[in-house]
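One structure is given here, and the rest of the page talks about it.
The values are calculated or read from the model by the stated rules, or taken from the named source; none is laboratory data. On a predicted model such as this, the values are computed, not experimentally measured, just so you know. Reconstructed Cβ throughout: ideal geometry from the backbone, glycine too, with neighbour counts over all protein chains shown.
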Amino acid sequence: MERTIVHMDMDTFFVSVERLHNSSLLGKPVLVGGTSDRGVVASCSYEARRFGIHSAMPMRMARQLCPHAIIVRGDYEQYTKYSDTVTEIIKETVPVYEKTSIDEFYMDLTGMERFFGSYKLATELRKNIIKETGLPISFALSTNKTVAKVGTGEAKPNGQKEIRSGTEKGFLAPLSVKKIPMVGDKTYHILRSMGIEKVKTMQDMPIELMERVLGENGILIWKKANGIDNSPVEQYSERKSISTENTFDKDTIDVTYLKAMLVSMTEKLAFQLRSEQKLTSCVTVKIRYSDFNTYTMQSRIGYTSLDHTLIDKVKELFDKLYQKRMLIRLIGIRFSHLVHGNYQFDIFNDTAEQIQLYQAMDKLRNRYGRDIVKRAVGMKISQRGDFNPFNGRTT
């Protein structure tokens with residue numbers, strides 16, 4: 001059976017939420033992100049994009065490109081709240097959906113055509129989301145995820161599009177190769193050096209040449225450029241989580257040691273998140289006392305996979321949870337409500353340097369082993385021999 005896939009994406013999500021609460025931002029170049037020169041742009045309005053500004057750009061550069069831009073620090077709690085609202089609306093409407101980031105969704109409407117009309121159903125869903133949240137959202141419907149995602153980009157801002165079966169290749173042909181998923185800056189420069197600018201040129205190339213130049217990724221990119229993508233919509237589940245815990249050989253009340261252990265455990269799980277290209281929006285800390293009574297406390301946060309953001313939240317939860325001042329037998333951490341995504345900036349505190357540091361650390365770990373680099377407290381824990389912070393349990 002031919003598939004019917006919808007891709008939905010909130011338009012300039014962070015900016016749109018800010019405009020709901022401050023109408024004076026409408027029609028103006030708006031940047032959401034770190035307010036200092038060392039900060040980064042987490043989101044920018046279409047008015048700001050006309051000046052060449054894009055997400056992940058250093059704020060200093062963005063200021064230079066558009067000196068009159070309005071910079072907003074942002075509110076992750078509000079963004080997560082609106083994301084959850086949109087998720088619930090989609091969950092109640094479609095049979096299978098995949099949440100790939102805080103503001104992006106895929107839906108498999110295969111078989112729904114005979115009942116409702118898939119494009120009509122997606123249209124009604126979009127209208128409902130706009131009505132319930134006041135936020136702009138765009139979508140495209142096609143036969144696979146790649147074409148639907150590219151279609152959404154062409155439908156923006158706040159629009160919708162249908163790419164019918166048999167027209168996928170023609171739809172993609174006149175577009176820049178940069179529109180194809182998996183074509184980042186490095187790959188784009190390689191393709192441009194080969195004289196490839198439009199998708200049509202890539203479509204006409206032998207797949208063997210793409211493989212020779214880009215390896216296995218070349219095959220995947222060539223297929224996407226030709227509108228071929230059999231990847232499934234993976235059912236989203238809020239229950240997905242990763243966790244780790246440690247039972248001590250001897251019960252302890254040493255708070256300094258316990259916090260050092262929590263830092264090591266958090267560091268391990270954060271690296272696992274980034275390795276699997278996941279983000280978490282819910283942190284849970286678990287304590288089991290010597291009398292075997294067990295207590296947990298959790299908190300929702302903005303989607304992230306960065307150590308320092310998660311460490312701060314874990315410590316905060318531990319301080320609130322550890323009230324008995326009794327000997328502790330076990331501590332544990334769980335990250336849940338996972339979605340697919342790469343590095344998510346903490347728009348309050350993260351800098352371009354911090355992101356580059358995480359990327360460098362992860363590169364070293366992937367090449368030389370996961371314990372090649374760690375925080376000083378993690379080294380002390382390892383030297384003590386109680387716990388290997390990179391041997392946790394995953395669920």
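State yes or no: is D307 touching a residue at least 12 places away in the same chain (Cβ under 8 Å) and over 14 Å from I242 (Cβ atoms)? Walk me through it before giving the result.
Details: touching a residue at least 12 places away in the same chain (Cβ under 8 Å): yes; over 14 Å from I242 (Cβ atoms): yes.
Yes, satisfied.
Every residue, every condition in (1) in the same structural domain as N22 (by TED's automatic domain parsing); (2) touching a helix residue (DSSP H, G or I) at 6+ places or on another chain (Cβ under 8 Å); (3) at pLDDT 95 or above, yes or no:
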position: K91; (1), (2), (3): yes, no, no
position: G111; (1), (2), (3): yes, no, no
position: I130; (1), (2), (3): yes, no, yes
position: A140; (1), (2), (3): yes, yes, yes
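Name the residues in segment 283-324 that are among the hydroxyl-bearing types (S, T, Y) and closer than 19 Å to L338 by Cβ, would you? Spell out how you get there, then give the answer.
Taking segment 283-324 and keeping what is among the hydroxyl-bearing types (S, T, Y), we get 284, 289-290, 294-296, 299, 303-305, 309, 322.
Passing the criteria: T284, T296, S299, Y303, T304, S305, T309.
Collect the residues in segment 104-141 that are among the hydroxyl-bearing types (S, T, Y) and more than 23 Å from the chain's Cα centre (by Cα), keeping them in residue-number order. Working first, answer last.
Of the residues in segment 104-141, the ones among the hydroxyl-bearing types (S, T, Y) are 106, 110, 118-119, 123, 133, 138.
Listed by number, the residues that qualify are T110, S118, Y119, T123.
Could you tell me which of the residues G184, G218 is closer than 22 Å to R50 by Cα and either at pLDDT below 95 or buried (at least 21 other Cβ atoms within 10 Å of the Cβ) (or both)?
Details: G218 fails: closer than 22 Å to R50 by Cα.
Residue meeting the stated conditions: G184.
Just wondering, is there one or more residues in segment 234-250 that are over 25 Å from K145 (Cβ atoms), touching a Pro at 6+ places or on another chain (Cβ under 6 Å) and either modelled with pLDDT under 90 or among the acidic types (D, E) (or both)? I'd like the intermediate steps shown before the answer.
In the first step, residues of segment 234-250 are kept if they are over 25 Å from K145 (Cβ atoms); the result is 243-250.
From the residues that got through so far, the ones that are touching a Pro at 6+ places or on another chain (Cβ under 6 Å) too are none.
Looking through segment 234-250, none of the residues is over 25 Å from K145 (Cβ atoms), touching a Pro at 6+ places or on another chain (Cβ under 6 Å) and either modelled with pLDDT under 90 or among the acidic types (D, E) (or both).
Considering only segment 204-235, state which residues are touching a Ser or Thr at 6+ places or on another chain (Cβ under 6 Å) and either assigned by TED's automatic domain parsing to the domain that holds T100 or among the polar types (S, T, N, Q) (or both).
none
Restricting the search to segment 95-141, which residues are in a loop (DSSP other than H, G, I, E, B), closer than 20 Å to R3 by Cβ and not aromatic (F, W, Y)? Before you say what the answer is, go through the steps one by one.
Step one: of segment 95-141, the residues in a loop (DSSP other than H, G, I, E, B) are 95, 102-103, 109-117, 134-136.
Remaining after also requiring closer than 20 Å to R3 by Cβ: 95, 109-117.
Correct list: P95, L109, T110, G111, M112, E113, R114, G117.
Would it be correct to say that M265 is closer than 14 Å to Y322 by Cβ, among the aliphatic types (A, V, I, L, M) and either surrounded by 17 or more Cβ atoms within 10 Å (Cβ to Cβ) or free of Cβ contacts under 8 Å to residues at least 40 places away in the same chain (or both)? Can you show your working first?
On the way: closer than 14 Å to Y322 by Cβ: no; among the aliphatic types (A, V, I, L, M): yes; either surrounded by 17 or more Cβ atoms within 10 Å (Cβ to Cβ) or free of Cβ contacts under 8 Å to residues at least 40 places away in the same chain (or both): yes.
No, not satisfied.
Looking at segment 153-172, can you tell me whether even one residue there is in a helix (DSSP H, G or I), touching a Phe, Trp or Tyr at 6+ places or on another chain (Cβ under 6 Å) and exposed (fewer than 15 other Cβ atoms within 10 Å of the Cβ)?
Start the filter on segment 153-172 by keeping residues that are in a helix (DSSP H, G or I), which leaves 153-155, 168-172.
Still in the list and also touching a Phe, Trp or Tyr at 6+ places or on another chain (Cβ under 6 Å): none.
No, the conditions are met nowhere in segment 153-172.
Just checking, does segment 57-68 include any residue being without any contact (Cβ under 8 Å) to a residue 12 or more places away in the chain, assigned by TED's automatic domain parsing to the domain that holds G134 and in a loop (DSSP other than H, G, I, E, B)? First the steps, then the outcome.
Kept after step one, since they are without any contact (Cβ under 8 Å) to a residue 12 or more places away in the chain, are these residues of segment 57-68: 61, 64, 67.
After this cut, where a residue has to be assigned by TED's automatic domain parsing to the domain that holds G134 as well, the list is 61, 64, 67.
Then drop every residue that is not in a loop (DSSP other than H, G, I, E, B), which leaves 67.
So far as segment 57-68 goes, yes, one or more of its residues are without any contact (Cβ under 8 Å) to a residue 12 or more places away in the chain, assigned by TED's automatic domain parsing to the domain that holds G134 and in a loop (DSSP other than H, G, I, E, B).
Hey, T201 hits all of (1) in the same structural domain as E18 (by TED's automatic domain parsing); (2) in contact with a Gly (Cβ under 9 Å, 6 or more places away or on another chain) but one; which does it fall short on?
(1)
Given segment 210-304, what strands (runs of 3 or more DSSP E) lie entirely inside it while holding 3 or more residues that are more than 19 Å from R334 (Cβ to Cβ)?
Once the strands (runs of 3 or more DSSP E) in segment 210-304 are filtered for at least 3 residues that are more than 19 Å from R334 (Cβ to Cβ), what remains is 241-252.
If only one of G27, G39 is in contact with a helix residue (DSSP H, G or I) (Cβ under 6 Å, 6 or more places away or on another chain), in the same structural domain as D103 (by TED's automatic domain parsing) and not aromatic (F, W, Y), which one is it?
On the way: G27 fails: in contact with a helix residue (DSSP H, G or I) (Cβ under 6 Å, 6 or more places away or on another chain).
Of the residues listed, the single one that is in contact with a helix residue (DSSP H, G or I) (Cβ under 6 Å, 6 or more places away or on another chain), in the same structural domain as D103 (by TED's automatic domain parsing) and not aromatic (F, W, Y) is G39.
Tell me whether segment 281-299 contains one or more residues that are at pLDDT below 85, hydroxyl-bearing (S, T, Y) and either out of contact with any Cys (no Cβ under 7 Å at 6 or more places or on another chain) or surrounded by fewer than 16 Cβ atoms within 10 Å (Cβ to Cβ) (or both). It would help to see each step written out before you state the result.
The initial filter retains those residues of segment 281-299 that are at pLDDT below 85, namely 292.
If we keep only those that are hydroxyl-bearing (S, T, Y) too, we end up with none.
Looking through segment 281-299, none of the residues is at pLDDT below 85, hydroxyl-bearing (S, T, Y) and either out of contact with any Cys (no Cβ under 7 Å at 6 or more places or on another chain) or surrounded by fewer than 16 Cβ atoms within 10 Å (Cβ to Cβ) (or both).
Assuming T256 fulfils every condition listed in (1) over 16 Å from the mean Cα position of the chain (by Cα); (2) closer than 17 Å to S336 by Cα; (3) of a type in the set (S, T, N, Q) apart from one, which condition is it?
T256 satisfies all of (1) over 16 Å from the mean Cα position of the chain (by Cα); (2) closer than 17 Å to S336 by Cα; (3) of a type in the set (S, T, N, Q) except (2).
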